[in-house]
Amino acid sequence: MDPMAAFSALFDGSFEAMKRLAYLLGADDPENIAQEAFVRLHDRWHTLYDENKALPYLRAMVVNLSRSRLRHLRVVRRTPPDVMLDELSAEAHAMARQEHGRIREALGKLSRRQREVLVLRYWMDLDQAAIAETLGIAVGTVKATTSHAMVNLRKHLEEG
Amino acid sequence: MDELEGRLRSALAEMAEEVPPSHHAWAEHQRRVAAKSRRDRRRPVLMAAAAAAVVALIAVPTLILNTRGTGTEQAGQAPPASSSTATEPTKQTRSSLLPSPKYVAKPGETVVTEPFLLAGSVRNGVISNTFAYTVRTAGQTVLCVVTQPTSEGQVVDGTKVHPDFCAPLNRPAQGRYFWSGAVVVPQASDIYLFVASPPTDKILLRESDGSYAAGVRCMQSGEFTVFCTAGGLKKPTAYSALDPAGVALEHR
């Protein structure tokens, strides 16, 4: 396939998923983050012209751009995950089930890395090796973080 | 899958559905790529302007000093031949800027790769160049970095200058490619140098903020290639040697 056609196909197939990943990680501008990730991928397409390389790169880029965005927002004294999710839940999901609302709230209380691991595992369905590659950590760390995240999630749900 | 995992999966799927689709995402992508391309096209022009300014900074004072005659010789800033006539200094100035850098070996040294200009800098009003080169001495190959004033031209005279530092290069084990870890050059805006065996064609590295950068070939011998990054990179957390087909040979 022509390289640019391959890029276009990847964009069509993955843009929405990358945007949603940024949103689930707590970014308040998921579209901008997904766009920026694709512009950076476009720059390096000659070396990453392979879905096996491009998708992990995109995921890692979205995770890192989301972290940067959250750091920036913390500096300007906002707490985007909770604010954004509460606002959107009120506006777009007034009828959402209470159960999902509680999980949403509990997710917002987890540490950044715990939330990332859970989103990559239970939303993107990535295996532990792919999560490790995306986050730049060891597979053992992924296992431990997932385990701690589930314990904390359960605890927050019980407290809530 | 336990019950909590199922609830979590379901809640995440529902949350993801809250994100409305983007109807003009591809058009926006094209706009951003075009805007970035325009910015990148302007950059070489700016760099050329900066380079021209540096050349002017070097050439003009050199010409002025040389046309004044013996004053330059007394200061020891130019070779004796350059001050004999009014026209020769110009030739000397040009030739000192244009040729490839050369290394004058000390007794007992063998040049493995000639110097490569990593960066220029200005400190206390003195314009300096930072070079990297490799030499073999007492059976050991070393990668050295030296910073010297631009008045020394493109010749690194090992008999006169002391390198900023030298790092030993040890041949990698069978099946490995990197000769040593990353060598950082603080004198040249934190440029990183990597040494790898053939058929390494490129180095891909991940910075501490998660972005990726490539190291390009800057010196080559029969046994290894030295790759350099751009300056100002964040500390690499991982790097890979890639062959010409882009296949990873070794990760670190």
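Observations, loosely collected:
- Residue match in the stretch B:205-218 (condition: of a type in the set (D, E, K, R), in contact (Cβ under 8 Å) with a residue 60 or more places away in the chain and farther than 18 Å from residue A:43 by Cβ): no
Results for (1) assigned to a strand (DSSP E or B); (2) exposed (fewer than 13 other Cβ atoms within 10 Å of the Cβ); (3) in the same structural domain as residue B:237 (by TED's automatic domain parsing); (4) modelled with pLDDT of 90 or more, shown as yes or no for each residue.
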{"residue": "B:82", "(1), (2), (3), (4)": "no, no, no, no"}
{"residue": "B:91", "(1), (2), (3), (4)": "no, yes, no, no"}
{"residue": "B:127", "(1), (2), (3), (4)": "yes, no, yes, no"}
{"residue": "B:148", "(1), (2), (3), (4)": "yes, no, yes, no"}
{"residue": "B:184", "(1), (2), (3), (4)": "yes, no, yes, no"}
{"residue": "B:187", "(1), (2), (3), (4)": "no, no, yes, no"}
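- Considering the stretch A:108-126, the residues that are aliphatic (A, V, I, L, M) and more than 8 Å from chain B (Cβ to nearest Cβ) include one that is surrounded by the fewest Cβ atoms within 10 Å (Cβ to Cβ), namely A:124.
- The residues on offer are B:233, B:249, and the sole one that is more than 12 Å from chain A (Cβ to nearest Cβ) and within 19 Å of residue A:65 (Cβ to Cβ) is B:233.
- Among the residues of the stretch B:134-158, those that are closer than 17 Å to residue B:113 by Cα, polar (S, T, N, Q) and over 18 Å from the mean Cα position of the chain (by Cα) comprise B:137, B:140, B:141.
- Scanning the stretch A:44-60 for residues that are more than 10 Å from chain B (Cβ to nearest Cβ) and within 13 Å of the chain's Cα centre (by Cα) yields A:56, A:58, A:59.
- Scanning the stretch A:1-15 for residues that are facing chain B (nearest Cβ under 9 Å) and free of Cβ contacts under 8 Å to residues at least 12 places away in the same chain returns A:8, A:12.
- Unmet requirement for residue B:127, which otherwise passes all of (1) more than 15 Å from residue B:225 (Cα to Cα); (2) more than 18 Å from the chain's Cα centre (by Cα): (2)
- The numbered conditions (1) within 13 Å of chain A (Cβ to nearest Cβ); (2) under 18 Å from the mean Cα position of the chain (by Cα) are all true for residue B:217 except (1).
- Only residues that are acidic (Asp, Glu) and closer than 23 Å to residue B:222 by Cβ were counted across the stretch B:187-208, and they come to 1.
- Residue list for the stretch B:14-27, restricted to those being facing chain A (nearest Cβ under 7 Å), assigned to a helix (DSSP H, G or I) and more than 13 Å from residue A:12 (Cα to Cα): B:14, B:15, B:16
- Residue A:41 meets each of the listed conditions (1) crowded, with 22+ Cβ neighbours inside 10 Å; (2) within 9 Å of another protein chain (Cβ to nearest Cβ) apart from (2).
- For the stretch B:217-252, the tally of residues that are assigned to a strand (DSSP E or B) and in contact with a strand residue (DSSP E or B) (Cβ under 6 Å, 6 or more places away or on another chain) stands at 18.
- Scanning the stretch B:1-37 for residues that are over 21 Å from residue A:33 (Cα atoms) and surrounded by fewer than 11 Cβ atoms within 10 Å (Cβ to Cβ) yields B:1, B:2, B:3.
The values are calculated or read from the model by the stated rules, or taken from the named source; none is laboratory data. It should be emphasised that the depicted structure is a prediction, and the values quoted were computed from it without experimental measurement. We place every Cβ from the backbone using ideal geometry, glycine too, and count neighbours over all the protein chains shown.
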